[in-house]
Amino acid sequence: MDRIVITGGAPLKGTIPIYGAKNSALKLQAAALLSADPLILENMPDLADTRFMTQLLTTLGVEITWIKETRTLRMHAAEIGSTIAPYDQVRKMRASFNVLGPLLARVGHATVSLPGGCAIGARPVDLHLKAFEAMGADIVIEQGYVKAAALRGLKGAEIEFPFVSVGATEHAMLAATLAQGDTILKNAAREPEIVDLADCLNAMGARIEGAGTGEIRIKGVTSLSGATHAVVPDRIETGTFALAAAATGGNVLLQGARFDHLQALIKLLRGAGVEVDAEARGLRIKRNGGRIQPVNFETEPYPGFPTDLQAQAMALLCLADGQSRIRETIFENRFMHAPELARLGAQIAVHGNEAVVTGVETLKGAPVMATDLRASVSLVIAGLAAEGETIVNRVYHLDRGFEKLEAKLAGCGAQIERQREEQ
Ligand code: UD1
């Protein structure tokens, strides 16, 4: 098992290219199942998670070609070869569950294992299933599998989500494109990844309006065609590098990053005393000396502060000149990085879904353990800012969501390398 060894203290300086968003790419991959023509995705990230999805789609009969040089993924679901998504594949990554809706919409039935994913709370799929039931599907759960059928096709429906769910909004949208009649999704998620998915589906011939607002309206069509679509830049990757640049007192250009997708993070960074500027080529993050200022924040659905940047922002605030309060409102059990950050000398008290971070002047390197995707990268950020050596163990979590993490950081002067853990 690999580990990452960091010698902290070097301010990050340079340019980091931002790749396509993992969380968007995975749902766009699922969209390939909706059409008998090829869907071509540009600006694709090459990650463990996107490879899991490629494997799963291949099992379902999709022909896939990955062109590394141009970061292009070509997916062709001329025919659906299987409608069963097995446990062994779905358990590795929650987003694989998103093949259920497209299969149901295209061929009228599917059997998909209940998902696995990060260890950050219960993460049920009840909202997804209720949406399909509202569209006329019969659903039973047997031996860990969801068996869904709509043999005469899905029917458009009005669906009001009781709370905002990114996954359920995307999943319902995918399925509704091929339903008979109109679907209205109320209290829909508004994340940039939702807009990206709607843009891609519309390029395939879907009729979706209102993506990016709380109400999405979809007029069902009888078939979708192929399309070529560029994946939206990853706002979580952008935010992670921005927080790393801030924590190390660096000066970094995040090339291709979208200023408009990161308003909540930019507010936090500016409040902490970090300079953020939109430039023609991307986003510049700069901190020249001076202590980080404390900031209180809570995670919220978009456009609020993303839960996927909470751990990384906590790493920064560990170095603040004062006390910050962080409230996690999206997932239970998402402070697993706090005890690991404490190993580097951070002072964090967790009470339920609230963490109080009392800033310290310096963190000191130590061995730590990665627990989930975003938590792992918060330890990398803290290690980059700490004095001495930090060893991050169990880094396979990082590979799920960050491509070339060490290379991108080393390119900006970080002393960071990957080592094979001794057996
Ligand atoms: C997606 C992202 C994840 C991000 C999250 C919130 C992907 C692959 N993952 O996850 O990185 O942290 O959005 O921005 O895109 N819930 C239910 N029932 C459901 C569905 C969700 O109770 O059927 C709950 C969840 O447990 C959670 C909350 O709703 O507490 C929000 O989850 P959701 O927005 O659905 O997150 P994901 O789509 O799983």
| note | With Cα coordinates, the longest principal axis of the chain makes an angle with the long axis of helix 48-59, in degrees rounded to 10, of 20
| request: Return the single residue from Thr183, Thr222, Thr248 with maximal mean-square fluctuation; model: Gaussian network over the chain, springs between Cα atoms under 10 Å. | output: Thr222
| Cα long-axis angle, helix 166-176 against the chain (0 to 90 degrees, to the nearest 10) | 20
| message | Given the -39500 (n - 2.57) contribution per DSSP H run of 4+ residues, what per-residue ellipticity at 222 nm results for the chain, rounded to the nearest 500 deg cm²/dmol? | response | -8500 deg cm²/dmol
| task | State the number of lysine pairs found in region 22-230 whose Cα atoms come within less than 21 Å, restricting to pairs 8 or more positions apart or on distinct chains. | result | 17
| Cα-derived Rg over Rh, computed across region 171-216 with Rh taken as Kirkwood radius | 0.91
| query | How would you rank 11-24, 261-274, 156-169, 61-74, highest first, on the average number of other Cβ atoms within 10 Å across their residues? | reply | 11-24, 261-274, 156-169, 61-74
| Using θ = phi - 60° and the Karplus curve 6.51 cos²θ - 1.76 cosθ + 1.60, what whole-Hz ³J(HN,Hα) does each residue of region 61-69 get, with Gly and Pro shown as x? | x, 7, 8, 10, 10, 10, 9, 4, 4
| Antiparallel bridge percentage (DSSP; both residues within region 22-230; nearest 5) | 70
| How big is the shadow of the Cα convex hull of region 22-230, averaged over all directions, in nm²? | 9.9
| remark: Along region 246-252, Karplus-curve 3J(HN,Hα) (6.51, -1.76, 1.60; θ = phi - 60°) to the nearest Hz, with x for Gly and Pro, reads 5, 5, 8, x, x, 8, 10
| query | Within a Cβ distance under 9 Å of Gly220, other residues only, what is the Lys/Arg minus Asp/Glu net charge? | reply | +2
| said: Cut-off 10 angstrom, C-alpha nodes, Gaussian network model of the chain. Which of Asp46, Asp199, Asp138 fluctuates the most? | reply: Asp138
| message | Using only the alpha-carbon atoms, how far is helix 192-203 inclined from the longest principal axis of the chain? Give it as 0 to 90 degrees, nearest 10. | response | 30
| task | Would you kindly calculate the mean projected area, averaged across all directions, of the convex hull enclosing the Cα atoms of region 1-67, in square nanometres? | result | 6.9
| message | Rounded, prolate or oblate for the chain? Axes are the square roots of the Cα gyration tensor eigenvalues, ordered a ≥ b ≥ c, and the cut-off for rounded is a/c under 1.5. | response | prolate
| note | Here the relative contact order (percent) of the chain, from C-alpha pairs under 8 Å and at least 6 apart, is 21
| said: Which order do the peptides 190-196, 210-216 come out in when sorted by mean C-beta neighbours inside 10 angstrom, highest first? | reply: 190-196, 210-216
| query | Quick one: of the DSSP bridges fully inside region 296-401, what percent are antiparallel, nearest 5? | reply | 60
| task | Given the peptides 300-309, 351-360, arrange them by the average over their residues of other C-beta atoms within 10 Å, most packed first. | result | 300-309, 351-360
| message | Only Cα pairs within less than 10 Å get springs; with that Gaussian network setup on the chain, which residue of Lys186, Lys155, Lys404 has the largest fluctuation? | response | Lys404
| note | Taking every DSSP bridge whose two residues both lie in the chain, the antiparallel percent to the nearest 5 is 70
| note | Cross-link reach from Lys364 to aspartates and glutamates, straight Cα distance under 15 Å and at least 8 residues apart if same chain, gives Glu340, Glu387, Glu389
| remark: Shape descriptors of region 325-391 over alpha-carbon atoms, Rg and Dmax in angstrom, are 11.6, 34
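Each value in this text was obtained by applying a stated rule to the coordinates, not by laboratory testing. Given the structure is predicted, the values throughout are model-derived calculations rather than measurements. In this analysis, Cβ positions are derived from the backbone assuming ideal geometry, glycine residues included, and neighbour counts consider all displayed protein chains.
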